[in-house]
Structure formats: structure tokens, C-alpha cells
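**Q** Sharing a structure with you now.
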């Protein structure tokens, strides 16, 4: 028998189904397919949106990393420059101390006196100021005792 000519058909449960029920079932099936398509479309749009968001986030993280690398390099350069300057000052001071040690080791008291006379003759103003400060400090030291 042909279902097109028969106004009723059987349901999967073996009961007869009317034309209105068939139409309702078909309409419900169409609506379900529409809802299914809308849900799938929404899902695709959501995935696309998340993918775009991931790309933007990754780009922002890359930019932040690049800035940190740059800042780290600049800080390292500044630190190296400061360390080089401090090292230079320390080496210069050490060299002056070594020179003073060599002078004291190699020069007797008479030679030191002669050198002091030469300095006073060359630089009388600063020598007198240094002598005044030295005299003040010595006098102050005696007053405390």
C-alpha cells in the first residue's frame, strides 16, 4: 500500500497516525532542525570569537614579553655601566694606596721631610690651610685628654 493515498499511517509503535499528526510531526522536526542549525551556528560563532580573542591575547602577551626583554637589557646595560664605574673608582683608589705604600716603604724620614718642603714651596696657600686644620685637630685632641 501507498502511504500517499492513505490518510493514516502507522507510528513506530504500531498505532495509526492521522494527517494532522503527521504534519505536526514534520513541522516539529523542521523546527528541531532549525534550532539545531541555530545552535550549531551559535557554536561556530562562539568558537570564532574565542579564536580571535586568543589571537589578540597572544599578541598582547608577545608585546609585553618584548617590552620586558627590552627593559631587562636596558637595566643590564645600566648596571654594567654603574659596575664598570664603581670598579674603576675602586681600582683607582687601590692604585693610589699602593703608590702611598711604595712611597712609605722606599722613602726614609729625611726624604719625606724634603718632599714636604718642596710641596709647601710649590703650594704655599693650600699647605698653610692644611697645616691650620692639622693644628686645630691636634689641639682639639689634646683638649679632650
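The values are calculated or read from the model by the stated rules, or taken from the named source; none is laboratory data. Remember, predicted model here, so these are calculated numbers, not experimental data. Cβ atoms come from the backbone with ideal geometry, glycine included; neighbour counts cover every protein chain shown.
**Q** Are there any pairs with C-beta distances below 7 angstrom linking a residue in segment 93-109 that is touching a residue at least 40 places away in the same chain (Cβ under 8 Å) to a residue that is loosely packed, with under 10 Cβ neighbours inside 10 Å and not in a loop (DSSP other than H, G, I, E, B), with the two at least 6 apart or on different chains, and if so which?
**A** From segment 93-109, no pairs qualify.
**Q** Of everything in segment 115-145, what is at pLDDT below 85 and either under 21 Å from residue 103 (Cα atoms) or outside any helix (DSSP H, G or I) (or both)? Give them in sequence order.
**A** The one that is at pLDDT below 85 and either under 21 Å from residue 103 (Cα atoms) or outside any helix (DSSP H, G or I) (or both): 145.
**Q** Same structure, new question: Could you please tell me which pairs satisfy a Cβ distance under 6 Å, a separation of 6+ or placement on different chains, a first residue in segment 25-51 that is on the phi < 0 side of the Ramachandran plot and at pLDDT 85 or above, and a second residue that is surrounded by fewer than 10 Cβ atoms within 10 Å (Cβ to Cβ) and part of a helix (DSSP H, G or I)?
**A** Cβ pairs passing all conditions: none.
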